[in-house]
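Taken together, the values in this text are just the output of simple stated rules run on the coordinates, not laboratory data. The structure displayed is predicted, hence computed values, not measured ones. When we count neighbours, we look across all protein chains shown, and the Cβ atoms used for this are built from the backbone with ideal geometry, even at glycine.
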Amino acid sequence: MKHRVIKILSFAVLLSSHLGAQTFNNLFRTKDRQDNLEDFDLKKFSYGFYLAANNFDYKMNLSPIFGMDGNRNLVESEATFSFGAGLIGKMRLNEYLDLRLEPGLHFVQRDLTFNTYDHVNQYAGGTNYNLPFTPLPEFTDVDSKKIVKSTYIDIPLLLEIHGDRWYNSRPYAAAGINYLINLQSNETATDDNQQNIFRTTTHNFGWSAEIGIQFYFSRFKFTPAVRGTFFTNNELVKDKETTPPYWTPAISTLQTRAFMLVLKFE
């Protein structure tokens, strides 16, 4: 019985070693491995599309007068997850550089909370920074919580640099500039936060940086990537002078920053 157990164990060890060696060879062998889409990157132009899972937020610099109470920030921004999609146009520059134009559409929501009511009421008599105003009898949820919805047409122009292809994969990094149009900016609206209209700029500029890995399949190229986009202009449109300084006077600058998980198909 003892010898039979030893034989069975020996056979199991040999079998597992053989199967493990076969699996290793299948995954990492270099001989006779098929390279997919070998001529794909030699094309001068190529096209595709992408899907994106987004996290948009606001970077804010607050006014020390209306937006801060000592070291306490009176305005808070809460990011929400959203989605986007777009097209890809690529022009090959040389063996290691590509130029990419990737226009897309992103649907975004951010929640701003203004805890400014008690602090700002002390300036009701007027200062060098605001006209006199009559304090609101109460600060409701509609007054303190502003839901800011945005729809951005994003037009990034990216310069991509990539390494050598390793069989059916290739790493890359890209960076460039963005022009973004906010279709829900309310920039030209005559009402402001007193009528629950939060206004931002329609035309915006920014820059992006991205890293990812390109995978080559038999019929298409698939690229998962991580991208960061950062606005360079102040998006805030100020409330009217006659509006109490509970809202936009509490913010000095307002700039979008976004992080995206991008899935590209070419």
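Along the charge dipole of the chain, which of Gly67, Gln255, Thr229 sits closest to the positive end, that is, farthest toward it, with unit charges on the beta carbon of Lys, Arg, Asp and Glu (+1, +1, -1, -1)? Of Gly67, Gln255, Thr229, it is Thr229. Sequence-distant contacts, meaning Cα pairs under 8 Å at least 6 residues apart, place the relative contact order of segment 104-217 at 25 percent.
Only DSSP H runs of four or more residues enter the estimate; each adds -39500 (n - 2.57), and after division by the residues of the chain the mean residue ellipticity at 222 nm equals -4000 deg cm²/dmol. Taking all Cα pairs closer than 8 Å and separated by 6 or more residues, the relative contact order of the chain comes to 21 percent.
The angle between the Cα long axis of helix 2-28 and the longest principal axis of the Cα atoms of the chain comes to about 60 degrees, rounded to the nearest 10. Local charge for Thr113 was computed over the other residues whose Cβ lies under 15 Å away, with Lys and Arg +1 and Asp and Glu -1, and equals -4.
Total lysine pairs in the chain at Cα distances under 22 Å, for residues eight or more apart or on different chains: 19.
Our compactness index for segment 44-265, the C-alpha radius of gyration over the empirical 2.2 N^0.38 Å, is 1.25. How much net charge surrounds Lys145 when only the other residues with a Cβ under 15 Å from the Cβ of Lys145 are counted, with Lys and Arg +1 and Asp and Glu -1? Residues close to Lys145 contribute a combined charge of -3.
When you count the other C-beta atoms within 10 angstrom of each residue and take the mean per peptide, 77-85, 116-124, 38-46, 93-101 line up highest first as 116-124, 77-85, 93-101, 38-46. In terms of other Cβ atoms within 10 Å, Trp166, Trp207, Trp247 run from fewest to most in the order Trp166, Trp207, Trp247. Classification of segment 58-100 by its C-alpha gyration tensor yields a prolate form. The axis ratio a/c (a ≥ b ≥ c) is 1.5 or more, and a/b outweighs b/c.
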